[in-house]
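Visitor: One structure, pasted below without further comment.
The values are calculated or read from the model by the stated rules, or taken from the named source; none is laboratory data. Every value quoted in this text rests on a predicted model; they were computed, and no experiment measured them. Positions of Cβ are backbone-derived with ideal geometry, glycine not excepted, and every protein chain shown enters the neighbour counts.
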Amino acid sequence: MAANWLPPVLLTASGRPVFLPGEIERCLLSAVDLEAEENPALPTLRSGLLVLTSHRILWIDESSSSGCAIPLAAVVHVFHPKKSLRNMFASPRVRIQVSTSPDGRVGEKGTRSEMVTIVMRGKTDPDVFYGRLLEVLRSRTWEASEESEGRERGSGSGEGSARVRMPVVGVSGILRKEQEMWESTDKSLQEAFHDLNALMSKAKEMVQLAENMRQKLLLGSNAQASANDDELGSKQEIQDWLLSVGIVSLVTKESAGALYHQQLSRQLADFVKLPLEKAGGMIALIDVYCLFNRARGTELISPEDLLQACALWEKFDVPVMLRKFDSGVMVIQNKAHSDDEVFARITSLAQKPDALLMGISPSDAALTLGIAPALAKEHMLTAESKGLRLLDSWVLGFLLRLPLDRHNILSINFSSDDESFLITRRQQLVKVMLLT
Amino acid sequence: MRRRPGISGLQSAAAARDQYRLVGENVAKIRTDLMKEQLATFRSQLEEFARKHKNDIRKNPTFRTQFHEMCAKVGVDPLASNKGFWAELLGIGDFYYELGVQIVEICLATRSHNGGLINLQELCSLLCQRRKTAREAVSEDDCLRAISKLKVLGSGFEVITVGKKKLVRSVPTELNKDHNEILEVAQAQGYVTVEEIEKTHSWPSGRAIDALETLLEEGLAMIDDGHRDGKRRYWFPCVAPISAALGAEGLRSSS
C-alpha cells in the first residue's frame, strides 16, 4: 500500500510508471526499502522497485501495482553511503533529506524536513546509484521543463485575464536562456584566452630572438665596411623576419629595409605623382595615407609602412621627397618644388598695394599658391624664419610684412608690463601700416 | 698554436683569424637557420590560433583590447605593418587602417564646424553611423589605437584630455595651459564668457581675451553676440554636449 506521505505515481496497465514530459529514466534498483527515519508514524515502504529518473525518485510496489514518488525538487541533501565497520554486513543505505509540509507530506518548498533512507537490499552497487543521483540532482532537469510549461502557459494567457505569476516564469526562462548563452560564450572566450596566453609566450621567445638578431645586424653593419653579398642577403632576411613578427626596424643608412617596404616605396612614388600636381606640388602625409589606402581598397598599408616607404626615397632616384616642418607636419613634395620659389611668390603677393595695407592671411596665400591653408601657414612660418618679418594681428591672422625702416619701428611703444599692452599694440600696428 | 716571431708568425696569426671568422660565420648561419625554424613554428601556431579565434577578435571588442595589451607586454606591435604575420593571418590590420582613414575623413568633414578638435565620443558615434553596414562593433579603445597609429604621420593627430573629456586633435595647433583651462570651463555649458574666465581663474582681462582670441583665430571657438544681456559668448563646438552635435547632424542629413 502506498503511503500518503509521498505523492502517488501513475502506472500504466503493464505496471510501468507514467513519466512526466521530458522525464528520463536513469537507474533501476530492485528490492529497495524506503524508510522515514525521524518520524516513526510514517510507514516504511518495503521491497519495491526504485526508479531514478531525471525528475523524481519512484518507488513502485509491484505486487499491488502502486507507487509513490519523491520529487527531486524536494531533495535537500544526499548523504554518501559510507562504508564503515558497523554497516559492512548490513545492506547499503543512501540517506536523503527531503523537505516536507507541516503535516508530513513530502513536497518541494516544505517548511520542515525529513530524513529518508533508501535501503538497497538487492545486489546493487550503492556508489553507482549515488553517483547517478548526484548527476541528476545537479542537472536539475525538472526546472527547465517547469519553465517551458510556464512559458507556454504564460504566452497562452497573455491576452486573457492576467494571472500575474505567469509572465514572471516565462521571463525568467528567457533570462536563463540568456545566461546560458553568456556562459557558453564565456567558455569559448576562456578557451580563447588560454590559447592567447600560449601564443603570447611563444611570441615572447620570438621577440627575444629577434632582438638578438637585430643587435647582430647593428654590430655587423658597424664592424664591416665592405658588404659582401652574403651579408646583405641575410640582413635583408633578418629585416623581413623582424617585420613578420611585428617589430619595426628603422631604416638605417646601410640597410635597405624590408623587401616589402622597398617595393612599396617605388609603388608610392609612382602613385603620388598625380595628386601632387593637383595639389600644387605639396601634400600632407596624412592625405596621402587616405588617398593611397582608398585607392587600394584591400590590403591596406599601415601609417608606419607609409613612413618607412617614404624614408626609403632617399636611396632611390625618385622625383619626390618627404619633408618635415618644425611644427611636426610632414609633407610630400616635388623635388623640383623649392622653397625659394614659394617665398618669391609670397613676397610678390605681399607687395601688392592692398596687401601692404591689410596684410595677407594664410588663406590668401593658399589661394595664390594653390595649396591647402595649413600648408600655406607652414610656408609663412618658414618665411618668417628666413628673414621676412612677420607681425601678427588679431583681426587678420598672420600679417606678412616686409622689413620696416628703423624709425617706423621706434614709434611703437613696447611696454610689456602694461595690461592693455596687447590692445594698444594693435592700434599702433594699424598706425604703422598707414605710415608706410 | 705557438706564437712564433717573424713573418711566419704573422702568417699563422692571419690564418688563425680567418679560421675564427669562418667559425663565426657558421655560427651565425646556424643562428639564422634556428631563427627560420622558430619563425615557421610561430607562424603555424599563429595560424592555429587564427583558425579558432579570428572571429572572436573581429566580433568582440573586449577580446581585442586584451589581445593588444598582451602584445604590448610582449613587445610586438601587431599593427606595425600590413605585411606582418598578425595582419596577414588575423586580418586585424585592415580593420584598423580602414578605421584610421575613416577617422581622418570625419575629422576633415567636421573641421569647419569645430576647428580641428573633436570630442572622442562624438567621433565614435559618427563613426558608428558611417559603419552601419559593417557588422563589426567599434569600441572607443579601437578608435584610440587607430589614432595612435595615425600620430606618426605628423599633422598633429592626437588625443588630449581636457577635464573629464577626451578630445581628438587633427590639426597641428598647439594648445597651451590657458587654452586647456578655458576648454575645461566650457565643458559645463558649451560656452564661456570673459567674465566667467576671469572669475574662475582670477586672470587679468588681457590674458583671458588673448587666449580666447587665439582660440577664435584657430577656428576652435565661435562668437555669439546675440544674447539679451549683451555679453559676448564664446561657443566651443568640440566640447558641446553630444545631443547638440547630433541635432546638427540631423539637420544636415535632412536638408
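The rows are residues; the columns are (1) over 22 Å from residue A:207 (Cβ atoms); (2) among the basic types (Lys, Arg); (3) modelled with pLDDT of 80 or more; (4) within 29 Å of the chain's Cα centre (by Cα).
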residue	(1), (2), (3), (4)
B:30	no, no, no, no
B:50	no, no, yes, yes
B:64	no, yes, yes, yes
B:70	no, no, yes, yes
B:74	no, no, no, yes
B:94	yes, no, yes, yes
B:97	yes, no, yes, yes
B:103	yes, no, yes, yes
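Visitor: Can you tell me which residue is surrounded by the most Cβ atoms within 10 Å (Cβ to Cβ) among those in the range A:41-74 that are more than 19 Å from residue A:131 (Cα to Cα) and hydroxyl-bearing (Ser, Thr, Tyr)?
Guide: A:66
Visitor: Another question, then. Residue B:82 fails exactly one of the following numbered conditions: (1) within 8 Å of chain A (Cβ to nearest Cβ); (2) surrounded by fewer than 20 Cβ atoms within 10 Å (Cβ to Cβ). What is the number of that condition?
Guide: (2)
Visitor: Which residue is farthest from residue B:239 (Cα to Cα), if the candidates are limited to the range B:113-128 and must be without any contact (Cβ under 8 Å) to a residue 60 or more places away in the chain and out of contact with any strand residue (DSSP E or B) (no Cβ under 8 Å at 6 or more places or on another chain)?
Guide: Checked the range B:113-128; the qualifying residue farthest from residue B:239 (Cα to Cα) is B:128.
Visitor: Quick one: would you say residue A:274 is of a type outside the set (Phe, Trp, Tyr) and touching a residue at least 40 places away in the same chain (Cβ under 8 Å)?
Guide: No: the conditions fail for residue A:274.
Visitor: Further, regarding this structure: Determine whether residue B:101 is among the β-branched types (Val, Ile, Thr), buried (at least 16 other Cβ atoms within 10 Å of the Cβ) and touching a helix residue (DSSP H, G or I) at 6+ places or on another chain (Cβ under 9 Å).
Guide: Yes: the conditions hold for residue B:101.
Visitor: Kindly indicate the residue of the range B:212-227 that is in a helix (DSSP H, G or I) and of a type outside the set (A, V, I, L, M, F, W, C) and also farthest from residue B:169 (Cα to Cα) among those meeting that condition.
Guide: The residue in question is B:213.
Visitor: Still on this model: Determine the pairs where a residue that is facing chain B (nearest Cβ under 7 Å), located within the range A:192-213, has a partner that is of a type in the set (Asp, Glu) with Cβ atoms under 7 Å apart, the partner being 6 or more residues away or on another chain.
Guide: Final answer for the pair search is A:192/B:56.
Visitor: Can you confirm whether residue B:55 is within 11 Å of another protein chain (Cβ to nearest Cβ), polar (S, T, N, Q), without any contact (Cβ under 8 Å) to a residue 24 or more places away in the chain and assigned to a helix (DSSP H, G or I)?
Guide: Yes: the conditions hold for residue B:55.
Visitor: Looking for something on the phi < 0 side of the Ramachandran plot, within 11 Å of another protein chain (Cβ to nearest Cβ) and of a type in the set (Ser, Thr, Tyr) - is there at least one such residue anywhere in the range B:209-220?
Guide: yes
Visitor: Need pairs with beta-carbon distance below 8 Å; first residue farther than 18 Å from residue B:106 by Cβ and within the range B:154-174, second of a type in the set (Asp, Glu) and outside any loop (DSSP other than H, G, I, E, B); sequence gap 6+ or separate chains.
Guide: Once the first residue is farther than 18 Å from residue B:106 by Cβ and sits in the range B:154-174, its partners that are of a type in the set (Asp, Glu) and outside any loop (DSSP other than H, G, I, E, B) give B:162/B:184; B:163/B:184.
Each row is one residue, and each column tells you yes or no for (1) away from every other protein chain (no Cβ under 13 Å); (2) part of a helix (DSSP H, G or I).
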{"position": "B:141", "(1), (2)": "yes, yes"}
{"position": "B:144", "(1), (2)": "yes, yes"}
{"position": "B:152", "(1), (2)": "no, yes"}
{"position": "B:156", "(1), (2)": "no, no"}
{"position": "B:167", "(1), (2)": "yes, no"}
{"position": "B:171", "(1), (2)": "no, no"}
{"position": "B:174", "(1), (2)": "no, no"}
{"position": "B:178", "(1), (2)": "yes, yes"}
{"position": "B:183", "(1), (2)": "yes, yes"}
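Visitor: Here is a follow-up. Among the residues in the range A:293-301, are any in a helix (DSSP H, G or I) and within 16 Å of residue A:335 (Cα to Cα)?
Guide: no
Visitor: Let me spell it out: the conditions are (1) more than 7 Å from chain A (Cβ to nearest Cβ); (2) buried (at least 22 other Cβ atoms within 10 Å of the Cβ), and residue B:67 meets all of them except one. Which number is the exception?
Guide: (1)
Visitor: Then there is this: Going by the structure shown, is residue B:104 away from chain A (no Cβ under 14 Å), among the aliphatic types (A, V, I, L, M) and in contact with a Leu (Cβ under 9 Å, 6 or more places away or on another chain)?
Guide: Answer is no for this residue.
Visitor: Quick one: how many residues across the range B:81-103 are assigned to a helix (DSSP H, G or I) and in contact with an Asp or Glu (Cβ under 8 Å, 6 or more places away or on another chain)?
Guide: So the count comes out to 6.
Visitor: Please work out if residue B:48 is without any contact (Cβ under 8 Å) to a residue 12 or more places away in the chain, more than 7 Å from chain A (Cβ to nearest Cβ) and within 13 Å of residue A:199 (Cα to Cα).
Guide: Answer is yes for this residue.
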